[in-house]
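Trainee: Here's a structure for you.
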Amino acid sequence: MAGFFSRLFGGGRPDAPIRDLDSYEAAAALLVEAALADGVYANLESDMIAEILVTSFAMDADRADAVLKRGEQLAEEATD
């Protein structure tokens, strides 16, 4: 009987996928997820996140926009 359950459930847990994440993109994704907590992601929120990236990480506006865009993609792909 134990062999049945072992085969049924695969005998172990699969390893988590390894992701090579940029820490700035991960921070942006976390901020986007927080902004989405109420179910609405307004332009004001994305502007505020971009401003946080610029001031907290000393990025220029173009780099912050690129990091924010990638953070939004990561947040969209994330499982809840």
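The values are calculated or read from the model by the stated rules, or taken from the named source; none is laboratory data. The shown structure was predicted, so the numbers you read here are calculated from the model rather than taken from an experiment. Cβ: placed from backbone, ideal geometry, glycine included. Neighbour counts: every protein chain shown. Ligands, DNA and RNA are stripped out before the accessible areas are found, and what is left, the full protein with its side chains, is counted by its heavy atoms. Shrake-Rupley method; radii C 1.70, N 1.55, O 1.52, S 1.80 Å.
Trainee: Using a 1.4 Å probe over the heavy atoms of the protein chains, calculate the carbon and sulfur portion of the accessible area of the range 15-80 as a whole percent. Walk me through the numbers on the way to the answer.
Mentor: Working: 2520 of 4720 Å².
Ligands and nucleic acids excluded, carbon and sulfur reach 53 percent.
Trainee: Measuring from label point to label point, each 7 Å out along Cα→Cβ, what is the Ala42 to Asp20 span in nm?
Mentor: Result for the modelled spin labels: 4.0 nm.
Trainee: Can you list the HN-Hα couplings for the range 20-31, worked out from phi with the Karplus curve (6.51, -1.76, 1.60; θ = phi - 60°), rounded to whole Hz and with x for Gly and Pro?
Mentor: 9, 9, 6, 5, 5, 5, 5, 5, 5, 4, 5, 5
Trainee: Also: So what J values fall out for the range 33-48 if you push phi through Karplus, 6.51 cos²θ - 1.76 cosθ + 1.60 with θ = phi - 60°, rounded to Hz, Gly and Pro as x?
Mentor: Each residue's phi maps through the Karplus curve to give 4, 5, 5, 7, 4, 8, x, 10, 10, 8, 4, 4, 5, 5, 5, 5 Hz.
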